[in-house]
Number of protein chains: 2
Amino acid sequence: MSKDRAIPHDFEGEELESVFVGRRDGAARPTVVLIPTVMGVSELEKGFGRQLVELGYNALVADLFGTKFRGASRDTMFGELNRLKSDRAALLRRMRHVLELARGQSEVQSDQIVVAGYCFGGMCALDLARSGADIRAAVSFHGLFDPPGLPAQKITAKVVAYHGWDDPMVPPDKVVALGHELTAAGSDWQIHAYGNVAHGFTNPNAHEIGIDGVAYNALAAERSWTSFINLLEEVFG
Amino acid sequence: MSKDRAIPHDFEGEELESVFVGRRDGAARPTVVLIPTVMGVSELEKGFGRQLVELGYNALVADLFGTKFRGASRDTMFGELNRLKSDRAALLRRMRHVLELARGQSEVQSDQIVVAGYCFGGMCALDLARSGADIRAAVSFHGLFDPPGLPAQKITAKVVAYHGWDDPMVPPDKVVALGHELTAAGSDWQIHAYGNVAHGFTNPNAHEIGIDGVAYNALAAERSWTSFINLLEEVFG
């Protein structure tokens, strides 16, 4: 049913390779740009992409880290995460590059794009919305909420954050702060908080990362996915 | 398609009249007990009940205030609300009475009951869950979160609260407190917060109540209803 296509691209001299997941007919469709976790492009995100294709959308799984980090260790990837997170203006340029890459694909309806990310990728999706990017929605699955410290812009994208209440990286005060920030930016936003749910809840292999407070939760994974599909129906109509 | 049936009942000497909304065939089905706002049983809740009947469930719209308050003024009803809210143990007895009333109807599958309430009724639904009541889920639409001050019980019901972030009756610290309370009680809980949304968002006539911070929001009404239907599919399977 679906077909993967590697898309090599270059961002400020780094070699990246994103993966387009779409139907074989190549028709232009509403598209979800999926921003992976700290571990980079993996079967997890490609699998989510294939589910979206079954529902009539296309997906682009974005590479933010570069081909030289494929298969790198957890420690190496966390080092890269911290490098990218330490310069949020540069990270935003990277996200804009990914968005333009998506818009440039013939299978992508360029005004029908939702950006959704996981963990670190959730923060990246939020940052794109915070920048005023012209996307239909930005969605965070167990993402980080830390504000980018860049000048505030009017947020035109709908924003939804699916959040595990026991996520040690995002305690309740950061949830409240995100609400205030998004309201101040004029956003149409939602935060869905799940009790007794940790960080990384959409990833069946989350325990392999070996960090306390990171765990899969099948119920939260299903609830957030169902809500996400409802959102796509709302925005892509 | 659906049929309304008035059910007179008596609680500690007060005459109440709830309304059962079900299919004409009279078959036992999973049932949602709807707890109205401070204004008591109205066309709003009966309309929600009819939508549930279309989806294959039954509904019971519960009268908490009594027949003598039908058509009473807003001020009178707020007086009654404060009276009921001032004794949460008595209010819980009233809610248990309503639950037993529902269980006693031949059209109600007695182990397939969800209790959902609006505003004050949302608090009543939460109170029932907090008491350890054997119900499948308790759902609050723009409900009050104030804890009842009764001995904590293990919560076996799933709990979902749909909350307008700008609700002046439920500021963010009460949202955070509810999360902590529900986690401590062992509940499988969700709180869905909606940005730029006031109290009373499911009620198209909310503005008639003439209170700042109380307003209908069509998008939040639709989102919460869609999520509620997803929940019913989850628990009634």
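Laboratory data are not the source of any read-out in this text; all were calculated from the coordinates shown. What you see is a predicted model, and the numbers here were worked out from it, not measured in a lab. Neighbour counts run over all protein chains shown; Cβ positions are idealised from the backbone, glycine included.
Below are the figures for this structure:
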{"read-out": "Relative packing of A:148-155, B:144-151, B:195-202, which averages over residues the other C-beta atoms within 10 Å, highest first", "value": "B:195-202, B:144-151, A:148-155"}
{"read-out": "Over region B:1-63 - Rg/Rh using Cα atoms and the Kirkwood inverse-distance radius", "value": "0.98"}
{"read-out": "Label 7 Å beyond Cα on the Cβ vector: B:D75 copy-to-copy distances, nm", "value": "7.3"}
{"read-out": "Check: region B:115-237 dipole with +1 on Lys, Arg Cβ and -1 on Asp, Glu Cβ, in debye", "value": "260"}
{"read-out": "Amide hydrogen neighbours beyond the local backbone of A:E17, cut-off 5 Å, H modeled", "value": "A:H9, A:D63, A:G66, A:T67"}
{"read-out": "Kirkwood-type radius of region B:160-237, with distances r between different C-alpha atoms, in Å", "value": "13.4"}
{"read-out": "Radius of gyration and Dmax over the Cα atoms of chain B, both given in Å", "value": "16.3, 47"}
{"read-out": "Overall form of the protein assembly as shown per C-alpha gyration tensor (a/c, 1.5; a/b vs b/c)", "value": "prolate"}
{"read-out": "Size descriptor, Kirkwood hydrodynamic radius, that averages inverse alpha-carbon separations across region A:176-221, Å", "value": "12.2"}
{"read-out": "Chain B, helix-only ellipticity at 222 nm - DSSP H runs n ≥ 4, -39,500 (n - 2.57), divided by all residues, nearest 500", "value": "-11500 deg cm²/dmol"}
{"read-out": "Chain A, relative contact order [Cα under 8 Å, separation at least 6], %", "value": "14"}
{"read-out": "Dipole magnitude of region B:11-94 about its Cα centre (Cβ charges: Lys, Arg +1; Asp, Glu -1), debye to nearest 20", "value": "160"}
{"read-out": "Residues of type aspartates and glutamates that A:K46 reaches as a straight line, Cα spacing below 14 Å, ignoring anything fewer than 8 places off in the same chain", "value": "A:D4, A:E17, A:E54, A:D63"}
{"read-out": "Closest Cβ on chain B to the rotation axis that carries it onto A (distance rounded to whole Å)", "value": "B:H192, 2"}
{"read-out": "Signed unit charges on C-beta, dipole axis of region A:1-93, positive-most listed residue A:A89, A:A59, A:T37", "value": "A:A59"}
{"read-out": "For chain A, size of Cβ-based charge dipole, Lys and Arg +1, Asp and Glu -1, in debye", "value": "340"}
{"read-out": "Per-residue mean of C-beta atoms belonging to partner chains within 10 Å, peptide A:186-192", "value": "6"}
{"read-out": "Set of lysines with alpha-carbon distance to A:K174 below 18 Å, sequence-local pairs under 8 removed", "value": "A:K85, B:K174"}
{"read-out": "Selection from B:G71, B:G210, B:P168 lying farthest towards where the dipole of chain B points positive, charges on Cβ", "value": "B:G71"}
{"read-out": "Inter-chain Cβ neighbour average for residues B:176-185, partner chain, 10 Å", "value": "3"}
{"read-out": "Region A:71-212 shape via C-alpha gyration tensor axes, a/c threshold 1.5", "value": "oblate"}
{"read-out": "Antiparallel bridge percentage (DSSP; both residues within chain B; nearest 5)", "value": "30"}
{"read-out": "Furthest towards positive pole of dipole, A:I113, A:A133, A:F48, structure part region A:33-144, Cβ charges", "value": "A:A133"}
{"read-out": "Whether region B:111-155 is rounded, prolate or oblate, judged on the alpha carbon gyration tensor where a/c under 1.5 counts as rounded", "value": "oblate"}
{"read-out": "Alpha-carbon centroids, region B:110-164 and region A:95-126: separation in whole Å", "value": "39"}
{"read-out": "Cβ neighbours within 10 Å from other chains - mean over B:123-130", "value": "0"}
{"read-out": "Relative packing of A:114-120, B:99-105, B:2-8, which averages over residues the other C-beta atoms within 10 Å, highest first", "value": "A:114-120, B:99-105, B:2-8"}
{"read-out": "Sequence of B:T156, B:T37, A:T31 once ranked by neighbouring C-beta atoms within 10 Å, starting from the fewest", "value": "B:T156, B:T37, A:T31"}
{"read-out": "Taking region A:22-70 and dividing mean pair separation by its residue count, relative contact order in percent (alpha carbons under 8 Å, at least six apart)", "value": "47"}
{"read-out": "For region A:24-49 and region B:7-44, distance of Cα centres in Å", "value": "47"}
{"read-out": "Considering only the protein assembly as shown, percent of DSSP beta bridges that pair antiparallel, nearest 5", "value": "35"}
